[in-house]
Amino acid sequence: MKIEAVTIFPDYFAPLQLSLVGKASNAGLVEFAIHDLRVFANNNHHTVDDTPYGGGAGMVMMPEIWGLALDPLMLEATELIILTPAGKRFNQKMAADFAKAQHLVFACGRYEGIDDRVRQHYESEQYASRNIRVHEVSIGDYVLGGGEVASLVMIEAITRLIPGVIGNPESLSEESHNEDGYLEYPNFTKPAIWRDIAVPEILLSGNHAEIAKWRSSEATKRAEKNL
Ligand code: ADE
């Protein structure tokens, strides 16, 4: 899988070298390429934004620069992900779907976002016919300074689902927000008593059927509490 990002802040992506994602990259399971949008701003001040048509606060990123940056990345079978708080909410199911793709391109907007014609252009038939799909995605109902951190969140959630990235695939099928949307049970490890709090008896019983029942009921309780 190849994952690319276009941003005016390439340094935001330094954490991709760390931890599980860094290991996946070193092992060749995923390849990252981060592109500096300003390289494509061929005006004197490397400006990438301008005032919005129709008026209003803030600045909008200019389509011409985005076009120059994205055109060379639009290979056959590409998922173009435009980060915006107005996008479809990212979840585990979406992460699993993106983990099956061969090429992801993250377009990180800043300011009031990217001129909407960029989305319209890459959604057109000439790209659809080459298996290029556009997704506007939000990681949650809050406004970030730009799409960089949102991209990192998505990249981490997606990368760990790429086959071979996590050693024990069982930990994927049992985990918190599995694709069916249910929450994980609480976990305990040694010691059996910590600050006078004992691990639930049942977990020490060795009765796997009862343990599974208990975990399922605890997971439901937890999910209801966090609604
Ligand atoms: N850009 C700004 N806020 C965002 C969010 N919540 N999700 C994705 N991209 C964003």
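The values are calculated or read from the model by the stated rules, or taken from the named source; none is laboratory data. Because the structure is predicted, anything quoted here is derived from the model rather than measured. Ideal geometry is used to build each Cβ from the backbone, glycine not excepted, and the neighbour counts take in all protein chains shown. Protein only, heavy atoms only, side chains kept; ligands, DNA and RNA dropped before computing areas. Shrake-Rupley method; radii C 1.70, N 1.55, O 1.52, S 1.80 Å.
Table: residues versus (1) part of a strand (DSSP E or B); (2) over 13 Å from Leu80 (Cα atoms).
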position	(1), (2)
His121	no, no
Arg130	no, no
Arg133	yes, no
Gly140	no, yes
Leu144	no, yes
Ser151	no, no
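Of all residues in the stretch 126-170, those satisfying the criterion of being within 16 Å of the ligand (Cβ to nearest atom), in contact (Cβ under 8 Å) with a residue 60 or more places away in the chain and touching a Ser or Thr at 6+ places or on another chain (Cβ under 9 Å) are Gly146, Gly147, Glu148, Ala150, Ser151, Glu156.
For the stretch 85-108, the tally of residues that are of a type in the set (A, V, I, L, M) and in contact with a Ser or Thr (Cβ under 7 Å, 6 or more places away or on another chain) stands at 2. Checking each residue in the stretch 44-66 for being open to solvent by 60 Å² or more (accessible area, probe 1.4 Å) and of a type outside the set (D, E, K, R) picks out Asn44, His45, His46, Thr51, Tyr53, Gly54, Gly56, Ala57, Met59. Within the stretch 167-209, being open to solvent by less than 60 Å² (accessible area, probe 1.4 Å), modelled with pLDDT of 75 or more and not small (Gly, Ala, Ser) holds for Leu172, Glu184, Tyr185, Pro186, Val199, Pro200, Ile202, Leu203. Being over 24 Å from Glu156 (Cα atoms) and within 16 Å of the ligand (Cβ to nearest atom): is that true of Met61 here? When the stated conditions are applied, Met61 passes them. Within the stretch 113-123, can one find any residue that is without any contact (Cβ under 8 Å) to a residue 40 or more places away in the chain, surrounded by 15 or more Cβ atoms within 10 Å (Cβ to Cβ) and within 15 Å of the ligand (Cβ to nearest atom)? The answer is yes; a qualifying residue exists. Only one of the numbered conditions (1) within 9 Å of the ligand (Cβ to nearest atom); (2) aromatic (Phe, Trp, Tyr); (3) closer than 20 Å to Arg38 by Cβ is violated by Phe106, and that is (1). Of the residues Lys93, Lys88, the single one that is among the basic types (Lys, Arg) and touching a residue at least 60 places away in the same chain (Cβ under 8 Å) is Lys93. From the list Ile202, Ile155, Ile162, the lone residue that is more than 30 Å from Asp11 (Cα to Cα) and either part of a helix (DSSP H, G or I) or aliphatic (A, V, I, L, M) (or both) is Ile202. Could you go through the stretch 77-91 and let me know if any residue there is more than 16 Å from the ligand (Cβ to nearest atom), open to solvent by 70 Å² or more (accessible area, probe 1.4 Å) and modelled with pLDDT of 95 or more. Within the stretch 77-91 (the criterion being more than 16 Å from the ligand (Cβ to nearest atom), open to solvent by 70 Å² or more (accessible area, probe 1.4 Å) and modelled with pLDDT of 95 or more), the answer is no, since none of the residues qualifies. Taking the numbered list (1) crowded, with 21+ Cβ neighbours inside 10 Å; (2) assigned to a helix (DSSP H, G or I) in turn, Phe106 passes all entries but (2).
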